Amino acid sequence: MYLIVLSCYHKQNIQFKTRRNSNGASPRNDVRRTSIAVGMFHAGMTARAVARHFNRHESTISRLRNRLRETGRVNDRPRSGRPRKTTPREDRHITTLSRRNRFMSSGKIARYLTNTTGTRVCLRTVRNRLRAARLKACRPYVGIPLTHRHRQERLQWVRGIVHGHADNGTM
């Protein structure tokens, strides 16, 4: 069984990600490498040999083996810390709302989310989800709507002031 696993997955094809996520945390083990390591354990390899094969520290592989022994699975265990207020679906809902209406404020998005899903979130949560999706705030342009004729007349008026003769007797 060990030879079948190694012949299917050569050591060169198993590459560990070294980039970090946007929040600075290192990425989790991917499923393929974990299942290969489990197959190696079942084939009778030691944690040291598996660690050498994957070029990882022995303690990392032995923690994986201990988790497999204790729970029968290699999934991540629940962690301590505050649970997230929104689900991934609600996070996607927040980002699509913002993309559809770029000028919608975070307060309006929070109220809309409360009305549609029943989940009450604060403004900071909405801003955090938008920042995680790399969406920045868009402010609507506040100014006098000018037509082409208005612009030409204002430009002519300003040029008259600069050259010292104003129309309409002002200045």
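Among the residues of the range 45-68, is there at least one that is over 24 Å from Val31 (Cα atoms) and either under 28 Å from the mean Cα position of the chain (by Cα) or of a type outside the set (A, V, I, L, M, F, W, C) (or both)?
For the range 45-68, residues over 24 Å from Val31 (Cα atoms) and either under 28 Å from the mean Cα position of the chain (by Cα) or of a type outside the set (A, V, I, L, M, F, W, C) (or both): absent.
Please go through the range 61-83 and give me each residue that is in contact with a helix residue (DSSP H, G or I) (Cβ under 7 Å, 6 or more places away or on another chain) and at pLDDT 85 or above, ordered by number.
Ile61, Ser62, Leu64, Arg65, Leu68
Return the residues of the range 58-86 that are touching a residue at least 12 places away in the same chain (Cβ under 8 Å), surrounded by fewer than 16 Cβ atoms within 10 Å (Cβ to Cβ) and not in a helix (DSSP H, G or I); say none if nothing qualifies.
Selection gives Asp76, Lys85.
Filter the range 99-123 down to the residues that are farther than 15 Å from Arg89 by Cα and either in contact (Cβ under 8 Å) with a residue 60 or more places away in the chain or in contact with a Lys or Arg (Cβ under 7 Å, 6 or more places away or on another chain) (or both) and list them by number.
Across the range 99-123, the qualifying residue is only Ser106.
Could you please let me know if Arg151 is modelled with pLDDT of 85 or more and part of a loop (DSSP other than H, G, I, E, B)?
When the stated conditions are applied, Arg151 does not pass them.
Out of Val126, Val158, I need the residue that is without any contact (Cβ under 8 Å) to a residue 12 or more places away in the chain and not in a loop (DSSP other than H, G, I, E, B). Which one?
Working: Val126 fails: without any contact (Cβ under 8 Å) to a residue 12 or more places away in the chain.
Going through Val126, Val158 in turn, just one is without any contact (Cβ under 8 Å) to a residue 12 or more places away in the chain and not in a loop (DSSP other than H, G, I, E, B): Val158.
The values are calculated or read from the model by the stated rules, or taken from the named source; none is laboratory data. A quick note: this is a predicted structure, and the numbers were derived from the prediction, not measured. Counting neighbours? That spans all protein chains shown, and the Cβs are built from the backbone with ideal geometry, glycine included.
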